Each structure stands twice: as C-alpha cells, then as structure tokens.
Amino acid sequence: MKNIIDTIFANATRAIAFGVLLLLAWIFTVLFEHSLESLQAFGFDFILEDKWAPNLEKFGALPAIYGSVVSTFLAMVLAVPVAMGIAIFLSEIAHAKLKTPVGISIELLAAIPSVIYGMWGLFYFVPIIRDVFGGVGISMLTAGIVLSIMILPFMAAVTRDAMNTTPDILKESAYALGATKWDVIKDVVIPYAKSGIIGSFILALGRAIGETMAVTFVMGNVHKISTNLTEPATSIPVALANEFAEADSDLYYSSLFELALILLVVSFVIISIAKFYFLRRKRVGQ
Amino acid sequence: MTHTQKRIFTSQVVMVLSTASAVVGIGFLFWILGVLIINGVDALTLTIFTTEGTPPGSGSGGLKHALVGQLMLVFYASMFGVPLGVLAGTYLSEYSQKSKIGEMIRDISDIMMSAPSIVIGAFVYAIVVAPMGHFSGWAGSIALTIIMLPIVLRTTDDMLQLVPSTLREAAFALGAPKYKVILQVVYRGAKAGILTGILLAVARVGGETAPLLFTSFNDNFLNMDMMQPVASLTVTMYNYATSPYEDWQKLGWAAAFILSMFILAINILGRLILLKKKVK
C-alpha cells in the first residue's frame, strides 16, 4: 500500500513537471499553426513588407519590428548607464544605513505592474514630450523613455546583485594597494562581475522587447516607419494589444499570430543567451 | 596634476556621476509613486467598492465589478497554478536530482518566466477563446495560471533544495516512505520559502494586463460567471485611463492605487515571512 502511494505521488509530480516542457512546445505549435495562413500568403515578405493595411488584407510586419527594435534600443541606451550608476551606488558608495532601504525600495518598484508605468507615462510624460518636442506627444521617443523607466528597477537590482558577488577580499586587496574607488570598480568589481552584469542587461532587454502595457499607452499604434522619433509608432506587443480583440478576418488573425510567434522566438533567443551564456545558474543547496 | 591626484579626481567624478544617476533614477521612480498616491487617494471613495461601472459622465461609477473580477481571476489561477507548480517543483528537487531532463525543465521554466505575457494571451486565445467562440473568465485564469506555474515551480525547487538532506535521511532511517518524507518533513522545512514564492507569484499575476486583454476581456458590470467575460482591475484601468472621460480616468487612478498597494503589500508580506524565518 505504501509503495502504491509512493509510486502515484512520484509519477504525479513527474507528469506535471514534464507537462511544463510540453506546455512550451504546445505554445510554439499553436502559434505556428495559427500563423500558417499568413505564412503561406506572405512568406518571408511578411517581415520585409512595410504596409499594414487590414482593409486591403495586406499585412507587413516591418513597422512593428522596427518599432520594437528602436523603442527597446532607446530604452536600453537610457537605462543601462543609470542602472549601472544605481548599482555602483548601492554596492560601492552608499552607507550601509542607506543601502538596505534604497535597495528594497528599488526591488519593490520592480514589482509595480507595468500598466502603472504606462498610465503615468500617458498622463505625465506625454505632455512633457509634447511641450518639448512638439507633435502629439504620443511617440516612439515617449515609449522608449517610459520603457527605460519601467525596466530600470529590475535592471538596477540584478546588476547590483551581480556586483555584490565580488568577494570583499579582492576589493580590500586593491584598496590596500592604494587603489581609488573607481580603480576598484573598473579593475576589480566590473571584471569580476562582467558576465553577470552583461547577463542582467540582456535579461532586461528580453523583458523590454516583450513589454506591452508600459508602451501601449504612449506609442499610438501607427504602422508607419519614420525616422522622426517624435511621431507615433507601433511595436509588436502594441499591435497585438490594440488589434487582437478586433481583428475581423482569418488572415488578419493569422498575421497577428505570426507577430506573436516572431516575438516569442526573439525573446526566447534573447533570454536563452542571457541565461545560458552569461548567467549559468549556480545550484543552491546540496 | 600628478598621476595620483588625477586618479583621485577621476574617482571622485565617477562617484558623483553614479550618485547623481542613482538620484535621478530613484527620483523618477518616486515621482511615479507620488503621482500614484496623490491621484489614487484623491479618487478613492467608499462608493468605489460598492458600485459597479456606470456610463461615463455620470460621475457615480465604482470599481466593484473590477475588484470582484480581479479576485476571481487570480483566485482560480492560484487554484491551478499553486498546486501544479509546487508538485512540479517537488519533482525537480526530490526526484530528478541531477538528471538532464530535470535541468532542462528548470531552464525551460526560467525562460517561460521571462517570456512576453502577451504571447501567452495569444496562445490562450487560440486554445480557449476561439473554440468557445467568446471571451471568458476561464480563459483569463488559464492565461494567468500559465504565467504563474514556472514562478511557483522554480521557487519551490530552490526552497526544497535548501532543506538539509540530513533531515530527509533521518526520516528515511525511521522507515518513512518517500512521499511521507516529502509531505511531512521536506515541505515543513521549506514552508516559509514556498509561501513567499507563492505570494510573489500571486503578486506578479495580479498585475498582469496584457494576457487578459483578449482572454477575460472586460465587462463594465459585475459578472461572477467565469464562462463570460470578466472585468479585471488592470484591463479596467487601461480602458478607463485611455478614455476621454474625466470621471473614468479618475476611477482608473483609483484602480491603479488599489492594485499597487495590494501588490506592494503582498511583496512586503512575502519578505517579512522570509525574514522571520531567517531570524529564528
């Protein structure tokens, strides 16, 4: 009797754990199946075509891909130095009394839902962009900035964690040799934590590229490629959020599913690079 | 300037710059928090909790429908996500040990944890909403379950591995079968950690908007039927905030405030549980 329960319990846990593997495979398969119609209709041109015209049954993903790339790039350019600064501040400069409260508030801010950042962006940041740069204020630039603020806490927290892994004895040795704080940071901490820091940035990049709500409010969902950053634009998640519930033809749906598939594949690759190349997991316990 | 002075000067410049960037970054974040609190408190009234949505302009609407809907969506997601996640995590920590397949499941759940949530929404749309022919609360809960599962799985796995193997061996030596060892010894040892993991997972899915947009959709009135579209705080917030009506926007801020406070409270509670455990 004991053995039976034991076997049942072991197999139940195994089945569920394997279910997680199957789930990811299932997600890929379903998205692929639903993209087939669009894949057959447009083939490879889908990602090269810059026209997205639902009324003409013509779908090209280039504007959305362009918007995803540019907004994420802007967010990274803005967030990386500031996150680096916060991480250096928290791990090397701040007094112990300041370190914990500031560190915890940053971690808590990372838990605030992204929809709140989007809402703040719409009501408080869009007017600023409108006043400074003209236009409607809903733009690629606004999206990039709001996105950078949204990923900042996460990025700063993981970068700080990476920097904190540097053993004190290494830093102390450097100080004993007469190194300044900056010498220690650039020649000891950063080289030691390099792969962790880069991994954190790439992980943040993976988050930014799939982020929907922080940008949906402020981007405008206009399928047009413009080099002017103060004009409305779109990105893959923004297009999905705006159009999925109202798509009215099979081909339209299929094209949106293909967008989702592209997004999933891209973030899968980015996250894999971060996780497997830079952040090889340290096993806990045992 | 001597070489040493130059080095000290550079160092000080960098210190000032990184402190400044920290101040700017943290300043932005507190700006958002401040805006949230000022607008939220301003919009918060008791009637919000007792009234459902009303047409814009009437100024008398509430968020009862969204609050109840949100609780239902998260509750059902947890009903599935927590037991499944805990059991799968148990397999990884207690049964798979160092096997390749176990490592692979860990890696896959790590990836799923960071996967774009809107894609999960699209997936659930394809497997639930499209066959059913309409949006439903269940579709929303299923999307949230998928997001929750890898988080609970990974924290359970990590927390169970922290339980010393001597505890397991002691129980085995007394003749306890493995499932009993796990249920009565290992789980007990990792209780605080698992609970924190569950709380963080609940907080995470509680703030999800994107996967609900086209699964549970929205409803301006109270609906308890999970087979029908169900309102959520997040989607309501999105719809109200992007509407041109001032009273709706105000309700949007109230929803944002309630949701953030709820999520912050859960996060802090989770931390306290772990902290208390460590102090013991």
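Please treat every number below as a calculation from the coordinates, not as lab data. Bear in mind the structure is a predicted one, so any value in this text is a computation, not a measurement. Here Cβ is always computed from backbone atoms with ideal geometry, including for glycine, and neighbour counts include all displayed protein chains.
Taking amide H positions as placed in the peptide plane 1.01 Å from N, state which residues far from A:Trp52 in sequence (5 or more) or on other chains have amide H under 5 Å from it.
Placed amide hydrogens put A:Gly60 under 5 Å from A:Trp52.
Please quote Rg/Rh for the protein assembly as shown to two decimal places, taking the Kirkwood radius as Rh and restricting both calculations to Cα atoms.
We get a ratio of 0.98 for the protein assembly as shown.
Kindly provide log₁₀ I(q)/I(0) values, in the same order as q = 0.14, 0.20, 0.24, 0.27 Å⁻¹, from the Debye equation applied to equal alpha-carbon scatterers of the range B:3-43.
-0.49, -0.65, -0.75, -0.82
Simple spin-label model, 7 Å along Cα-to-Cβ: B:Met261 to B:Thr242 in nm?
Taking the two extended label points, one gets 2.7 nm.
Could you tell me which of rounded, prolate or oblate describes the range A:139-216, using a ≥ b ≥ c as the square roots of the eigenvalues of the alpha-carbon gyration tensor, with rounded for a/c under 1.5 and, failing that, prolate when a/b is larger than b/c and oblate otherwise?
Details: a/c = 4.06, a/b = 2.84, b/c = 1.43.
In terms of gyration-tensor shape, prolate.
Where in chain A are the DSSP H helices whose C-alpha atoms run 20 Å or more along the long axis and whose mean Kyte hydropathy is at least -0.5?
On the way: long enough: A:2-42 (59 Å, 1.09); A:62-88 (38 Å, 2.00); A:96-111 (23 Å, 0.95); A:140-164 (35 Å, 1.41); A:190-210 (30 Å, 1.13); A:250-272 (32 Å, 1.89).
Taking the DSSP H segments of chain A (at least 20 Å long, mean hydropathy at least -0.5), we get A:2-42, A:62-88, A:96-111, A:140-164, A:190-210, A:250-272.
Distance in nm between label sites at A:Ser272 and A:Ala96, each 7 Å beyond Cα in the beta-carbon direction?
Going from the A:Ser272 label point to the A:Ala96 one covers 4.5 nm.
What full-extension length gain, to one decimal in nm, is calculated for A:Leu21 and A:Ser105 as 0.36 nm per residue of separation minus the Cα-Cα distance?
Contour length minus Cα-Cα distance gives 26.8 nm.
Translational D (Stokes-Einstein, µm²/s) of the range B:25-183 at 37 °C and 0.692 mPa s when Rh comes from the Kirkwood sum over C-alpha pairs? Working shown, then result.
Values: Rh = 19.5 Å.
Roughly 168 µm²/s, to the nearest whole number.
Restricting to Cα atoms and excluding each atom paired with itself, what does the Kirkwood estimate give for chain A in Å? If you can, show how the numbers build up before the last one.
Numbers: mean 1/r = 0.0466 Å⁻¹.
Result for chain A, one decimal place: 21.5 Å.
Multiplying the sequence separation of B:Leu275 and B:Ser165 by 0.36 nm and subtracting their Cα-Cα distance, what value in nm do you get?
Working: separation 110, 0.36 × 110 = 39.60 nm, distance 2.25 nm.
Gain in length upon complete extension: 37.3 nm.
How large is the helix-only mean residue ellipticity at 222 nm for chain A, computed as the sum of -39500 (n - 2.57) over DSSP H runs with n ≥ 4, divided by its residue count, in deg cm²/dmol to the nearest 500? Don't skip to the answer; put the middle values down first.
Details: 12 runs with 196 residues, N = 286.
Value at 222 nm, helices only, nearest 500: -23000 deg cm²/dmol.
Once you have a ≥ b ≥ c as the square roots of the Cα gyration tensor eigenvalues for the range B:126-280, tell me rounded if a/c is under 1.5, and otherwise prolate or oblate according to whether a/b is larger than b/c. Please list the in-between numbers first.
Working: a/c = 4.12, a/b = 1.97, b/c = 2.09.
It comes out oblate by the Cα gyration axes.
Two-decimal Rg/Rh of the range A:1-105 from alpha-carbon positions, Kirkwood Rh?
1.27
If R₀ is 60 angstrom, what is the calculated FRET efficiency for the pair B:Met79 and B:Thr10, using the beta carbon separation as r and rounding to 0.05? Spell out each step's value before the answer.
Values: r = 57 Å, r/R0 = 0.96.
E between B:Met79 and B:Thr10, to the nearest 0.05, is 0.55.
Ranked by Cβ crowding within 10 angstrom, fewest neighbours first, how are B:Val163, B:Val128 ordered? Spell out each step's value before the answer.
Working: B:Val163 21, B:Val128 18.
Fewest-to-most ranking of B:Val163, B:Val128: B:Val128, B:Val163.
Once Lys and Arg get +1 and Asp and Glu get -1 on their Cβ, which of A:Ser255, A:Phe154, A:Tyr175 lies farthest toward the positive end of the dipole of the range A:52-278?
A:Tyr175
Could you work out the helix-only [θ] at 222 nm for chain B, with each DSSP H run of four or more residues adding -39,500 (n - 2.57) and the total divided by the number of residues, to the nearest 500 deg cm²/dmol?
Details: 10 runs with 189 residues, N = 280.
-23000 deg cm²/dmol, from helical runs alone.
Using a 10 Å cut-off around each Cβ, can you sort A:Phe154, A:Phe278, B:Phe49, A:Phe89 from fewest to most neighbouring Cβ atoms? Don't jump to the answer; show the numbers that get you there.
On the way: A:Phe154 21, A:Phe278 18, B:Phe49 14, A:Phe89 26.
Sorted ascending by nearby Cβ count, the order is B:Phe49, A:Phe278, A:Phe154, A:Phe89.
List A:Glu258, A:Glu231 from most exposed to least, where exposure is judged by having the fewest other Cβ atoms within 10 Å.
Values: A:Glu258 24, A:Glu231 18.
The fewest-first ordering by Cβ neighbours comes to A:Glu231, A:Glu258.
Going Cα to Cα from A:Lys171, which lysines come in below 24 Å? Please leave out same-chain ones fewer than 8 positions away.
A:Lys171 reaches A:Lys97, A:Lys99, A:Lys181, A:Lys186, A:Lys194, A:Lys282, B:Lys6.
Please report the base-10 log of the normalised intensity I(q)/I(0) for the range B:1-104, using a Debye sum with one equal scatterer per alpha carbon and no solvent, at each q in 0.15, 0.16 (1/Å).
-0.86, -0.89
Expected output is a single nm value to one decimal: the length gained when fully extending between A:Arg280 and A:Glu172, i.e. 0.36 nm times separation in residues minus the C-alpha distance. What is it? Display every interim value, and only then the final one.
Details: separation 108, 0.36 × 108 = 38.88 nm, distance 2.67 nm.
Between A:Arg280 and A:Glu172, full extension yields an extra 36.2 nm.
Could you list the trypsin sites (Lys or Arg not before Pro) in the range B:1-102 that lie in coil according to DSSP, counting only those with at most 15 other Cβ atoms within 10 Å of their Cβ? List each step's numbers first, then the result.
Numbers: sites: B:Lys6, B:Arg7, B:Lys64, B:Lys98, B:Lys100; in loops: B:Lys98.
Loop-located and lightly packed - B:Lys98.
To check my understanding: the extent here is largest minus smallest coordinate of the Cα atoms along each principal axis. What are those three numbers for chain B, in Å, largest first?
So the extents along the principal axes, rounded to whole Å, are 74, 70, 36.
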